[in-house]
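Have a look at the structure below, then the notes.
The values are calculated or read from the model by the stated rules, or taken from the named source; none is laboratory data. The model shown is predicted, which means the values in this text are computed figures rather than measured ones. Neighbour counts run over all protein chains shown; Cβ positions are idealised from the backbone, glycine included.
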């Protein structure tokens with residue numbers, strides 16, 4: 001129960017925050033939960049892909065520590081994890097009739113990221129056999145790793161909406177690629193800095209999180225302001 005509470009607690013708080021920001025046309029809870037569980041269900045595929053990349057790409061670079069860290073951060077973690085979350089969104093949400101206002105892209109993408117982070121957290125907690133270690137791991141992952149996944153998901157969700165409501169199909173595809181690329185970069189940068197466990201690395205993570213979250217909060221305001229349901233709600 002302790003493990004489940006630590007894994008679900010931060011998720012519930014973050015989900016409530018983003019759900020509350022959906023001001024003009026609430027999304028169906030069933031589809032939000034479906035997005036959450038779909039994000040969790042992609043974990044086995046991620047594990048297989050990361051293992052293959054680790055064995056055939058990352059390990060051969062062991063003689064070059066910095067290159068190995070870059071490959072592990074940006075390719076093994078960033079590209080694989082964000083691409084899988086991207087695929088879930090495209091399959092489950094992108095053409096769904098409920099995706100009908102800009103904020104929806106952010107909300108559904110965050111729910112997918114939360115589902116992913118939930119199962120990932122469970123795997124980390126299970127490896128510890130003492131309550132103290134579980135508490136420590138839970139605090140770190142709730143404060144950093146979960147917020148990281150939510151951040152990457154929110155950024156990608158913003159660009160999903162840019163693509164969805166773009167008048168030009170070509171521009172829409174560019175928005176999709178841009179969103180995926182930025183999410184992969186932010187994820188890879190976070191992992192790369194964390195790998196070295198230095199004070200400078202921690203400081204750079206905080207700085208990158210600060211500016212990235214600043215972007216997300218602006219994106220939320222922009223998405224809310226451009227909702228086609230805003231005038232109906234305000235009337």
query: Which condition number does residue 16 fail, the rest of (1) surrounded by fewer than 18 Cβ atoms within 10 Å (Cβ to Cβ); (2) under 30 Å from residue 158 (Cα atoms); (3) in contact (Cβ under 8 Å) with a residue 12 or more places away in the chain being met?
result: (3)
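Across the stretch 214-235, which residue is modelled with the highest pLDDT among those that are outside any helix (DSSP H, G or I) and out of contact with any helix residue (DSSP H, G or I) (no Cβ under 8 Å at 6 or more places or on another chain)? Even if it seems obvious, please write down each step before you answer.
Residues of the stretch 214-235 that are outside any helix (DSSP H, G or I), as a first pass: 226-229, 235.
Right, trim to out of contact with any helix residue (DSSP H, G or I) (no Cβ under 8 Å at 6 or more places or on another chain) and you get 228-229, 235.
Details: 228: 91, 229: 88, 235: 54.
Filtering the stretch 214-235 for residues that are outside any helix (DSSP H, G or I) and out of contact with any helix residue (DSSP H, G or I) (no Cβ under 8 Å at 6 or more places or on another chain), the one modelled with the highest pLDDT comes out as 228.
Just checking, which of 118, 86 is at pLDDT below 95, under 14 Å from the mean Cα position of the chain (by Cα) and either assigned to a helix (DSSP H, G or I) or farther than 22 Å from residue 218 by Cα (or both)?
Numbers: 86 fails: at pLDDT below 95.
Answer to the selection: 118.
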task: Please work out which one of (1) surrounded by 13 or more Cβ atoms within 10 Å (Cβ to Cβ); (2) in contact with a helix residue (DSSP H, G or I) (Cβ under 7 Å, 6 or more places away or on another chain) is the condition residue 41 fails and give its number.
output: (2)
query: Is it the case that some residue within the stretch 79-89 is out of contact with any strand residue (DSSP E or B) (no Cβ under 7 Å at 6 or more places or on another chain), more than 17 Å from residue 151 (Cα to Cα) and surrounded by fewer than 17 Cβ atoms within 10 Å (Cβ to Cβ)?
result: yes
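Residues that are within 26 Å of residue 230 (Cα to Cα): which helices (runs of 4 or more DSSP H) entirely in the stretch 1-70 hold 3 or more of them? Let's see the steps before the verdict.
Working: elements: 2-20, 29-41, 43-53, 65-70.
Of the helices (runs of 4 or more DSSP H) lying wholly inside the stretch 1-70, those with at least 3 residues that are within 26 Å of residue 230 (Cα to Cα) span 2-20, 29-41.
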- prompt: Do you know which of the residues in the stretch 157-173 that are exposed (fewer than 15 other Cβ atoms within 10 Å of the Cβ) and part of a helix (DSSP H, G or I) is nearest to the chain's Cα centre (by Cα)?
  reply: 173
